[in-house]
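Engineer: My structure is below; once you've seen it, I'll send some questions.
The values are calculated or read from the model by the stated rules, or taken from the named source; none is laboratory data. Computed from a predicted structure; not experimentally measured. Here Cβ is always computed from backbone atoms with ideal geometry, including for glycine, and neighbour counts include all displayed protein chains.
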Amino acid sequence: MSTSLSSHSLDSAANPLDVIEQIVAANDWAFDRHSESEMAAEAPGRWCDYGLYFNWSHEISAMHFSCAFDMKVPPSQRGALYELLALANEKLWIGHFGLEGDDGMPVFRHSVLLRGAPGASAESLEDMVDIALTECERFFPAFQFVLWGGRTPPDALAAAMLECAGEA
């Protein structure tokens with residue numbers, strides 16, 4: 001993520017979507033605040049644009065966040081992609097990958113519990129979005145290798161996880 005709000009004087013907000021809205025606006029990403037509990041945004045990535053969706057539940061003091069790939073998985077390839085998701089999820093510390101039911105769109109999901117906290121800090125919410133975008137960018141090639149490259153999930157993950165040293 002390019003713009004950090006931690007240098008600005010943002011106080012924690014009772015509704016974390018107020019802070020998320022400021023983070024998204026500071027990055028000049030398109031967004032739509034549907035209500036006090038829902039917001040959608042679009043963040044550009046190296047491989048595709050990612051659809052961000054935030055849902056705040058005041059009743060349980062939790063925020064659900066998802067970051068969707070701009071990619072549809074045909075039903076015939078979902079079995080292989082489920083295997084890839086399981087392998088990728090083993091490598092994550094925070095959040096998890098899944099597939100949206102109807103259209104088979106890969107999505108990174110994470111929830112934050114804030115019960116007893118005065119609100120979410122801008123830094124923690126920036127980290128949440130940054131981690132999601134970083135993980136989506138890191139695993140996007142593996143999804144492509146399985147869907148369009150005909151690779152097996154273990155091979156696709158191994159190829160995508162190669163750490164390059166230096167520049168060509």
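Engineer: Can you give me the ranges of the strands (runs of 3 or more DSSP E) entirely in segment 40-130 with at least 2 residues that are farther than 26 Å from Ala159 by Cβ, modelled with pLDDT of 90 or more and in contact with a Phe, Trp or Tyr (Cβ under 8 Å, 6 or more places away or on another chain)?
Structural biologist: Counting at least 2 such residues, we get 49-57, 62-68.
Engineer: Still on this structure: Give me the pairs: first residue in segment 125-136 and in contact (Cβ under 8 Å) with a residue 24 or more places away in the chain, second residue surrounded by 20 or more Cβ atoms within 10 Å (Cβ to Cβ) and assigned to a helix (DSSP H, G or I), beta-carbon distance under 8 Å, and six or more apart or on different chains, which are they?
Structural biologist: Matching pairs, first to second residue: Leu125/Pro16; Leu125/Val19; Leu125/Ile20; Leu125/Ile23; Glu126/Ile23; Val129/Ile20; Val129/Ile23.
Engineer: Quick one: Arg151 ticks every box in (1) touching a residue at least 60 places away in the same chain (Cβ under 8 Å); (2) farther than 30 Å from Asn27 by Cα; (3) surrounded by 15 or more Cβ atoms within 10 Å (Cβ to Cβ) except a single one, so which number is it?
Structural biologist: Checking Arg151 against (1) touching a residue at least 60 places away in the same chain (Cβ under 8 Å); (2) farther than 30 Å from Asn27 by Cα; (3) surrounded by 15 or more Cβ atoms within 10 Å (Cβ to Cβ), the one that fails is (1).
Engineer: Also: Name the pairs: first residue in segment 75-95 and more than 14 Å from Cys136 (Cα to Cα), second residue part of a loop (DSSP other than H, G, I, E, B) and aliphatic (A, V, I, L, M), Cβ to Cβ under 6 Å, at least 6 apart or on different chains?
Structural biologist: Matching pairs, first to second residue: Leu81/Val73.
Engineer: Determine, yes or no, whether Val146 is part of a loop (DSSP other than H, G, I, E, B), surrounded by 20 or more Cβ atoms within 10 Å (Cβ to Cβ), touching a helix residue (DSSP H, G or I) at 6+ places or on another chain (Cβ under 7 Å) and of a type outside the set (Gly, Ala, Ser). Walk me through how you get there before you give the answer.
Structural biologist: Details: part of a loop (DSSP other than H, G, I, E, B): no; surrounded by 20 or more Cβ atoms within 10 Å (Cβ to Cβ): yes; touching a helix residue (DSSP H, G or I) at 6+ places or on another chain (Cβ under 7 Å): yes; of a type outside the set (Gly, Ala, Ser): yes.
Against the criterion (part of a loop (DSSP other than H, G, I, E, B), surrounded by 20 or more Cβ atoms within 10 Å (Cβ to Cβ), touching a helix residue (DSSP H, G or I) at 6+ places or on another chain (Cβ under 7 Å) and of a type outside the set (Gly, Ala, Ser)), Val146 does not qualify.
Engineer: Which ones in segment 56-97 are touching a Ser or Thr at 6+ places or on another chain (Cβ under 6 Å) and buried (at least 16 other Cβ atoms within 10 Å of the Cβ)?
Structural biologist: Listed by number, the list holds a single entry, Trp56.
Engineer: Looking for whichever is among the acidic types (Asp, Glu), over 22 Å from Met161 (Cα atoms) and surrounded by fewer than 19 Cβ atoms within 10 Å (Cβ to Cβ) here; the options are Glu126, Glu100. Which one fits?
Structural biologist: Matching residue, one of Glu126, Glu100: Glu100.
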